[in-house]
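Colleague: This structure is in structure tokens; I'll ask about it shortly.
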Amino acid sequence: MTAAPADAARARATPAPPPAEGRLLREAVRRGRGPAALVLAATALGAAAAVTLPLALGRAVDLLIARADAGFWVLLCTALIATEVATDALVARTGGRTGAATTAWLRRRALAGFLAAPPTATTGTGLPTRLTANALDAGTAPVAAATAAAAGLAPLGGLAGLFLVDPWAGAAFVCGVPLLLLILRALLRDGRAALTTYQEEQGRMARLLTGALSGAATIAAAGTVRAEERRVLAPLAGMRAAGERTWRVQGRAAGLSGALMPLLVAAVLAVGGVRLVAGHLTPGDLLALSRYAVLAAGAGALAGALNGWVRAKAGTARVETVTALPPTPHGTRDLPPHGDGTLALHGVHVTRDGVPLLDSVTLTLPGGTTTALVGPSGSGKSLLASVAGRLTDPDQGTVLLDGTDLRTLSADTLRHAVAYAFERPALFGATIADAVACGPLPEPDLRRALRRAAADTFTDRLPHGPRTPLPEAPLSGGELQRLGLARAFTRPTRLLILDDATSSLDTVTAHLVARALTDTPGTRLTITHRLTTAAQSDQVVWLDGGRIRGTGPHSVLWRDPAYRAVFGAGAGGDAGAGADTVTDTGARRRSDVRTDVTGDVRTELPTDIHTGIRTDPRVDTGTGAVE
């Protein structure tokens, strides 16, 4: 049964273009529009109180000088001051809560976009930095927008108050406004560019540090600690330059506005003093002018509000590179109900940076069989395994499971039909049981999966068995691989792919796992460097340079010296050691393998066959496996 052409065409449709730049910023602001509106209203109310206060103070002063009753105006001044304090507190509390909620939403969006995208599209995205520092800056966007929008209310009110009390004093202040606008324009233009550069260098250093931490043991063993320090800290020079540029821009803006504002206030007071002496103003009017001049001079605070908006925009742009990753497209089809797991690849071609990594791969894995995928390092084995289970889509060609194109399957159908076990499995969850189950799983099924992966032998010795918290369960490389295998064994699948998932297992454990794999329903594809694994498989696919160099039984391929060289074997011999061998009459016979109930395994090689395996301390002389 093959996929319908229409379904295949839909599945291969080009993903939708990424959203326009700034869309995530608009969504973040829209999501926090309620709290942002409250912040805007509170800021406006506080600005109204601040603008009204100088008039009330001036009136109270004039009445007190005239020895008249000023009780009402004093009470009004008290109420206005209390309003300013209350609105400031409300803005701070609402802003903090809204920022935290928006940051959490952005992090969920970024993580969901990262996980939904094909693995090849997520390389180099610097997710840790985007989920931490950048998302934190971006989370302030709703409140930063409201604060920036309302930041000019008090200065504009102060300027209006100056003209209301005395037009000449207002004119004196206005003379410096064009210069102030130029300062703010430079801050917006240069500040954003410097901040964006700083965040990019910060993300680069985080990526380098993550890589160094994952290879800490290798770095220590190689004695390259100092070299790695220099490599990881190399972006510091760029961060320093961008940081210094940011502070220069902000410092220049703050310095110029800080020098300009007192001069403007002094000019207003000078004009007001002259007008007071001339009898055009009262002492209360002069007090109001001084307060309004300070409010109007608060236009310098616009720099802080605009800088917050700039940081929010830059942070959102960084997070948006992850949320805008195109997701892996899935179809809606199900697999045929009684398929046996037959996997077929037709003309599969994968290119990266113009280099073909898989070239015209055509291959069939019969249902219910075990196929060993072998080849030298860099031959494309892991990439082929990714294509086989649709972790990666080929640039050309099709991959069919039971006659159905994988691209037409629904996501749930695909992931229930295909299971993976990797060389270095990642464990997620609070306990070992959580990491193996990956969701609800009955206890008997969990125990069965651990037993089939030969993992129960060490999990049962842990303080709380499989319920032991992961941080309290130090695991060797082989134990980690066994848990990854157990995770693959937790559910029946049509296709089980082992990407070098037994490379760290000892000989006995590898034999027990191989025996469990034989009893596993469905089709099995295993990348291996072990001679015995290849020998015990139904067929071997020999990959070299992204092309299939040979397919067939191990005993037949073994006649080729180049194939034997894949396993580190010499040029002599006609058949694989410890494997199926072909007699002169063409009949196949196997080496004697004896296993007792305790799992003690001993492999005896035929004495009349020259194995051709060279003597090397890295070679397991019982299996021929290169460890």
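The values are calculated or read from the model by the stated rules, or taken from the named source; none is laboratory data. What you see is a predicted model; the values in this text were computed from it and never measured. Positions of Cβ are generated from backbone atoms using ideal geometry, with glycine treated the same way; all protein chains shown enter the neighbour counts. Protein only, heavy atoms only, side chains kept; ligands, DNA and RNA dropped before computing areas. Shrake-Rupley method; radii C 1.70, N 1.55, O 1.52, S 1.80 Å.
Colleague: Could you tell me what fraction of 2.2 N^0.38 Å the Cα radius of gyration of region 76-152 comes to, as a two-decimal ratio? Could you put the intermediate results ahead of the total?
Modeller: Working: Rg = 18.2 Å, N = 77, 2.2 N^0.38 = 11.5 Å.
Dividing the Cα radius of gyration by 2.2 N^0.38 Å gives 1.59.
Colleague: Moving on. Please grab the % of Cα pairs in region 296-443 that end up more than 29 Å from each other.
Modeller: Considering region 296-443, 41 percent of its Cα-Cα pairs are separated by more than 29 Å.
Colleague: While we're looking at this one, here's another question. For the residue pair Asp460 and His416, what label-to-label distance in nm results when each label sits 7 Å from Cα along the Cα-to-beta-carbon direction?
Modeller: In this crude label model, Asp460 to His416 measures out at 3.2 nm.
Colleague: Nothing charged except the Cβ atoms of Lys and Arg (+1) and of Asp and Glu (-1): what's the magnitude of the dipole of region 252-401 about its Cα centre? Round to the nearest 20 debye.
Modeller: 780 debye
Colleague: Using a 1.4 angstrom probe on heavy atoms only, work out the carbon and sulfur share of the accessible area of region 422-530 in %.
Modeller: Carbon with sulfur: 57 percent of the solvent-accessible area.
Colleague: How do 406-412, 305-311, 316-322 rank on mean C-beta neighbours within 10 Å, highest first?
Modeller: 316-322, 305-311, 406-412
Colleague: Here is a further query. Distance from the Cα centre of region 264-329 to that of region 531-564, in angstrom?
Modeller: Cα centroid to Cα centroid, the span is 75 Å.
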